[in-house]
Amino acid sequence: MLCLHVNGKLDQVATPHSAAVSVFTPQRHTRLKSLINYIKITETMALRLLSQALASHMRHLQLNTARRSVNSYNSRLQLVPLATWNRQLHVRITDQEAGLQAKREANRHSNPFQDEKYKEADVEATRQHKKIQSVEKRKERKEKKPKKVLEHGDPDTFGDAKFSASQTEDPGDVEEEEYISKPTRHSKKLQAKEYAHLIKEHLNANRLNDAIAVLEQRMLREDRVKPEKYIYNLLISGCAKAGYTRKAFSLYTKMRQRGLPVSGGTYTSLFNACANAPTISDGLAKAQILRENMLEKGYEPNAKNYNAMIKAYGRCGDVDTAYLLADEMVERKLDMNAETFNFLLQACASKPEHGFRHALLTWHKMLRAGISPDYYSFNAMLRCARDCGFGTLESMREVLEQIAPAATQQEAAEQLEEGQKEDLPMETSSAKSLADHIEVATTASELELPNLLLPRPHLGSLVALEEVTRPHERFLLLGGITGFLEHMKQHKITPDIQTFTTMLEVIPPTNAAEKQILTFVRKIGLKADIDFFNILIKKRSMRYDYESAREVLSMVRTAGLHPDIVTYGVLALGCRTQEEARELLQQMQEAGIKMNMPILGAMLRQGCEQKSFGYINEIMQLSLEEGIKPNEHFLRHLHRFHIGCARAIDARHPSTKAPNFKKGHSKFCDKYRLYYEEQGLTGLKLEDAIAKIKARPYAKYKESAVEGLEPLKHEQVKRKTKLRKYIKKIKIDELQDDPPREETLKRIE
């Protein structure tokens with residue numbers, strides 16, 4: 001054949017070379033290589049031709065075998081075309097169409113050759129099916145989001161950790177993921193001046209949290225800008241004005257950590273933050289720490305720093321340190337102005353025991369230093385007269401001796417000439433020669449009131465010295481309404497409505513004195529606001545003149561003003577019965593003003609005084625229904641009333657034996673117990689309950705401002721300028737007078 005022919009040819013060709021092996025040259029070697037390559041190529045071609053010739057013969061054999069098997073199993077099966085058998089010979093579908101699938105499955109164990117014959121076809125079909133399933137699963141995985149498995153993984157398998165239902169996410173990880181997922185910045189980077197301008201806009205609009213967010217959110221997190229010293233000083237000053245002391249010192253700490261220099265303005269703002277702190281203890285503690293820090297660094301404070309320190313220590317009640325700082329200013333020869341003395345007067349107002357005495361001494365030191373008092377100086381003196389006392393009589397005598405030595409000597413001489421030696425003590429000093437009583441004529445116009453604010457104070461129609469305890473008694477020693485306003489006129493200071501509002505609280509508790517105030521307000525041409533009338537209502541309610549208090553409400557409407565929540569709060573002081581309280585609450589509902597705890601507390605106070613169980617129970621029910629949390633005064637009123645009833649029952653008072661009292665007291669006890677349960681105060685003592693409900697001082701700064709109709713509770717309403725109107729339409733002469741009295745002179749009680 002061809003193969004033998006090739007081999008024989010190969011032998012014939014190879015024989016001459018073998019005979020000439022001894023004669024070997026490079027040319028013959030090259031020819032030999034080419035000949036061998038030619039022979040290999042020829043063999044390959046011959047094998048290909050042989051495989052093609054045998055392929056057709058093998059196909060005919062396979063077709064004949066398939067036809068014989070098909071005819072033996074199913075004689076009715078028609079002959080399948082050759083092209084179809086060539087295409088579907090090894091596919092499972094061909095066997096199903098031929099009807100051999102069931103027979104093959106039955107004979108699989110007995111015919112292993114036939115099972116292996118179609119094994120390749122089954123594998124190929126399985127592969128195609130798996131490919132389709134894998135494509136579908138991939139699509140489902142893309143559509144579905146990965147879910148957390150709520151089962152713990154195998155602890156021995158590394159990297160198989162799973163989440164559980166009880167497992168909580170770390171807040172630090174969540175914050176880190178949010179920080180990484182966010183872009184670097186949402187807006188364009190700004191210059192330092194533009195950031196400062198943006199912060200100023202928020203501070204001017206009293207949006208303190210937004211101003212802080214400009215630094216902490218936008219500059220540091222989004223824009224990643226390094227802040228300058230001016231940015232920190234702006235925010236520290238804004239926090240100081242708002243009383244956010246903790247945040248001001250936090251910014252100061254971060255400022256030092258960044259290595260930014262601390263200037264005198266920074267220290268001034270920080271001491272102002274201590275002065276405006278929500279709690280006195282917190283402000284005083286931070287002021288002491290800051291002052292020690294200044295001393296450690298060797299910083300020498302200037303006049304503004306000293307004024308801020310005096311203000312901080314004075315408002316926090318440390319009067320001794322405030323005056324010590326004033327002495328340091330004198331030693332360092334720093335100029336003391338009216339602002340310095342005003343802060344000292346504010347420090348005196350923080351001492352209710354003997355602040356008025358210190359205020360008089362400070363006032364005359366200011367006059368001796370050649371400093372003229374200003375508007376704030378007179379208002380501070382009114383506050384001292386309202387809130388502070390003299391102290392002891394001996395200390396008051398010493399004050400009179402220092403500020404008015406000539407007046408005390410003249411008074412003593414006049415008493416000696418009148419032959420009143422038996423009423424005087426044995427001491428020879430002028431201060432000891434004064435008697436122990438003061439009597440002032442308030443209705444007789446020919447008598448002159450004393451005025452201790454003048455550079456040369458006089459005692460006027462002073463008859464005797466007595467321990468003074470009430471605000472209007474101390475105000476009469478400052479000249480009264482006429483003398484005080486005349487002294488302001490001498491210093492070219494015009495009082496405003498705030499001055500008269502404070503003056504309302506220190507004038508004598510009579511309708512005549514209040515009419516005199518209204519006359520001065522109209523004469524000067526001032527516009528009154530709702531706060532002025534609120535104080536007038538409160539003053540009349542506190543002396544139990546409820547009809548005159550309701551008269552002020554008509555004056556408010558005549559002036560063109562509208563009552564606010566404070567107005568209804570002071571009117572609640574006069575609600576002695578349940579009917580009056582319901583009427584007031586109805587008026588508030590019509591005006592769209594929501595009740596608060598001060599209003600309910602004022603009504604509860606009246607209910608406790610009237611000993612009305614139904615009134616008290618209704619107030620507690622309103623507190624629960626409206627969701628208004630009690631304050632300290634509310635709980636104290638309830639506790640005192642509960643203890644008072646228990647003591648009366650133990651003492652077997654006749655009123656406790658009445659059926660109405662027993663029935664009302666039983667309902668009150670049940671309501672009292674339920675109220676404590678609803679507030680979460682069950683089983684707590686009074687002081688512990690007060691500590692639990694006490695508001696956190698810095699919680700209000702973290703809350704967003706809420707729009708509402710309560711100016712005392714919501715900062716957005718509080719920031720608005722209050723409406724002011726002239727009172728020309730009010731007919732002062734037609735207002736109610738004081739009850740008729742037989743005596744023309746009134747003794748100050």
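Where a number appears in this text, it was derived from the coordinates with a stated rule and is not lab data. This is a predicted model, so every value here is computed, not measured. Every residue, glycine as well, gets a Cβ built from its backbone with ideal geometry; the counts of neighbours run over all protein chains shown.
Could you give the alpha-carbon Rg of segment 187-336 over 2.2 N^0.38 Å, rounded to two decimals?
Ratio of Rg to 2.2 N^0.38 Å for segment 187-336: 1.11.
If r is the Cβ-Cβ distance from residue 59 to residue 39 and R0 is 30 Å, what FRET efficiency results, to the nearest 0.05?
It comes out at approximately 0.40.
Among 58, 309, 503, rank each residue by its count of other Cβ atoms within 10 Å, from fewest to most, as a rough exposure measure.
Fewest-to-most ranking of 58, 309, 503: 58, 503, 309.
Can you tell which of 375, 396, 362 lies farthest toward the positive end of the dipole of segment 359-408, using +1 and -1 charges on the Cβ of basic and acidic side chains (Lys, Arg; Asp, Glu)?
375
For a protection proxy built on the mean count of beta-carbon atoms within 10 angstrom, sort 596-603, 724-731, 449-456 highest first, please.
The peptides rank, most packed first, as 596-603, 449-456, 724-731.
Quick one: 682, 558, fewest Cβ neighbours within 10 Å first, how do they rank?
682, 558
So, counting K/R as plus one and D/E as minus one, what does the shell of residues with Cβ under 11 Å around residue 379 add up to?
0
Which one of 581, 509, 567 has its Cα pushed farthest toward the positive end of the charge dipole of segment 489-591, where Lys and Arg give +1 and Asp and Glu give -1 at the Cβ?
509
Using the crude model of +1 on Lys and Arg Cβ and -1 on Asp and Glu Cβ, and no other charge, please compute the dipole size for segment 241-384 relative to its Cα centre, in debye to 20.
So the magnitude is around 500 debye.
Tell me whether segment 493-564 comes out rounded, prolate or oblate; compute the Cα gyration tensor, take square roots of the eigenvalues as a ≥ b ≥ c, and use a/c under 1.5 as the rounded threshold.
Judged from the Cα gyration tensor, segment 493-564 comes out oblate (a/c at least 1.5, b/c at or above a/b).
Would you mind ranking 299, 252 by Cβ crowding within 10 Å, fewest neighbours first?
Taking fewest neighbouring Cβ atoms as first place, the list is 299, 252.
If you take the charge dipole of segment 176-306 about its Cα centre, with +1 on Lys and Arg Cβ and -1 on Asp and Glu Cβ, which of 259, 195, 244 is farthest toward its positive end?
Farthest towards the positive pole: 195.
Treating only the Cβ of Lys, Arg, Asp and Glu as charged (+1, +1, -1, -1), what charge dipole size does segment 555-705 show about its Cα centre? Round to the nearest 20 debye.
560 debye
Could you sort 528-534, 578-584 so that the peptide with the highest average Cβ count within 10 Å comes first and the rest follow in order?
528-534, 578-584
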